[in-house]
Amino acid sequence: MSFVDLEDIRVSYDGKNNILKDLNLSIEKGELVSLLGPSGCGKTTTLRVIAGLIEPNDGAFSVDGANLTKVPVHKRNFGMVFQSYALFPHLTIKENVGFGLKLRKESKETIHKKVMEMLEVTGLADYADRYPKQLSGGQRQRVALARALVIEPKLLLLDEPLSNLDAKLRINMRLEIKKIQQRLGITSVFVTHDQEECFSISDKVAVMNQGVIEQFDTPEVIYNHPKTEFVARFIGFENFFDLTLVDDHTYAAGDGSLFKTAHTWETTQKVGTIRPEDITILSKQSGPAVNTIPGTVKVRTFLGKSYQYEVETPIGKLLVQDSDETTYTSGDEVSLYISEEKLILV
Ligand SMILES: Nc1ncnc2c1ncn2[C@@H]1O[C@H](COP(=O)(O)OP(=O)(O)O)[C@@H](O)[C@H]1O
Ligand SMILES: [Mg+2]
């Protein structure tokens, strides 16, 4: 049993369609786990089950060995941060952060001490007596974070907390969140549809698709070894082609060309895939005999740091991203090298 356990959670809003389908997730104490997936896949619904905002139709939710499935939201002692910070406009930052403690009828001194500590942790000490409208978006989101943390929650839940901030601030804030989360050792669930954000901040990532978790692992494993085509596509893989096992670690593509792989795959994994930036583009007929496929450049696009080529090959159109000095133009005959190391099967 882990610190947080979701077991066979099923949620249906209308009694017909299951939005979460026997979802299972285990989180260890102190971990930051992200739910990553496209809009509508059920991330917020999962977080609402954890928060106690909705009760699942089936399944169990427990924290620290206690079954909380039917425990209402206000008795769970979880901190929550949402996309919209929802601060009280007529209360100062200090009062906003202390609101939850006041509800609990803690003493004035205790509230002051805890609030000031949390404002210190979140870098807001200088803003204690200001009002929300006098702060920037990033500062307001930090107030929301301070407010969630000051109650010393068992779990911190964050639902796309950075999506209202501009790109640069988002990167700063995710680092801030990670630092604070680590410093306080607080078990956290972070919802996002942004893979870069998710990989940078998480100890583990649960990639969701239509109400199920397709893969749950560290960012490194998911980035390098997606298990399914859905996960691969979601994290930047392109170039999917059918393969048949012909020999030890050797597969044949539809046109008979051979691909060796450095990894061991299950027999059910028969679709080869590779990221555009992992394909090497070479002039025609260079490169080794295996793992190389001829092609014709169709389209070249300038991406700033590199070029993207769309190349017609006997196994289909392949996308290649290359930053080499040598460039190719439409109509050029080339060879594409797909390394044993980078070829993934899903
Ligand atoms: N209150 C609700 N009533 C009916 N359907 C809902 C409700 N909330 C969400 N849904 C549906 O459930 C699915 C998952 O939604 P949600 O969990 O919000 O996804 P995500 O957060 O991943 O974008 C969507 O198809 C959405 O339309
Ligand atoms: Mg959502």
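Every number in this text was worked out from the coordinates using simple rules, so none of it is lab data. Keep in mind that this is a model prediction, so the values were computed, not measured. All Cβ positions, even for glycine, are placed from backbone atoms using ideal geometry, and neighbour counts span all protein chains on display.
Of the residues LEU103, LEU336, the one with the fewest other Cβ atoms within 10 Å heads the list, and the complete ranking is LEU103, LEU336. Model label points for THR228 and LYS305, set 7 angstrom from Cα along the Cα-to-Cβ axis, are 3.0 nm apart. For the pair region 213-239 and region 14-30, the centres of their Cα atoms are 19 angstrom apart.
Students often get this wrong, so check it: of LYS114/LYS178; LYS178/LYS270; LYS21/LYS154, which have C-alpha atoms separated by over 28 Å?
Numbers: LYS114/LYS178 21 Å; LYS178/LYS270 38 Å; LYS21/LYS154 26 Å.
The answer is LYS178/LYS270.
If you take the charge dipole of region 277-321 about its Cα centre, with +1 on Lys and Arg Cβ and -1 on Asp and Glu Cβ, which of TYR307, ILE279, VAL290 is farthest toward its positive end? Comparing the listed Cα positions along the dipole, TYR307 ranks first. Across 10 Å bins from 0, what is the distribution of all Cα-Cα pair distances for region 150-254, in whole percents? Pair shares across the bins are 12, 36, 31, 11, 8, 2.
Counting only Cβ charges, +1 for Lys and Arg and -1 for Asp and Glu, the dipole size of region 109-255 around its Cα centre is about 1100 debye. Ordering MET1, MET208, MET80, MET118 from the fewest to the most neighbouring beta carbons within 10 Å gives MET1, MET80, MET118, MET208.
For region 219-346, compute Rg over Rh where Rg is the Cα radius of gyration and Rh is the Kirkwood radius from the inverse mean 1/r over Cα pairs. Please list the in-between numbers first.
On the way: Rg = 14.1 Å, Rh = 14.8 Å.
A ratio of 0.95.
Please compute the net charge surrounding SER163, taking Lys and Arg as +1 and Asp and Glu as -1 over other residues with Cβ under 10 Å from its Cβ.
Working: positive: ARG170; negative: ASP159, GLU160, ASP194, GLU197.
Net charge in that neighbourhood comes out at -3.
When the convex hull of its Cα atoms is viewed from all sides, the chain shows a mean projected area of 21.3 nm². Of the beta bridges in the chain, as assigned by DSSP with both residues counted there, near 75 percent are antiparallel.
Please report the relative contact order for region 139-229, taking Cα pairs under 8 Å with a sequence separation of at least 6, and give it as a percent rounded to a whole number. Could the numbers behind the result be given before it?
Values: 77 pairs, mean separation 18.9, N = 91.
With pairs under 8 Å counted, the relative contact order is 21 percent.
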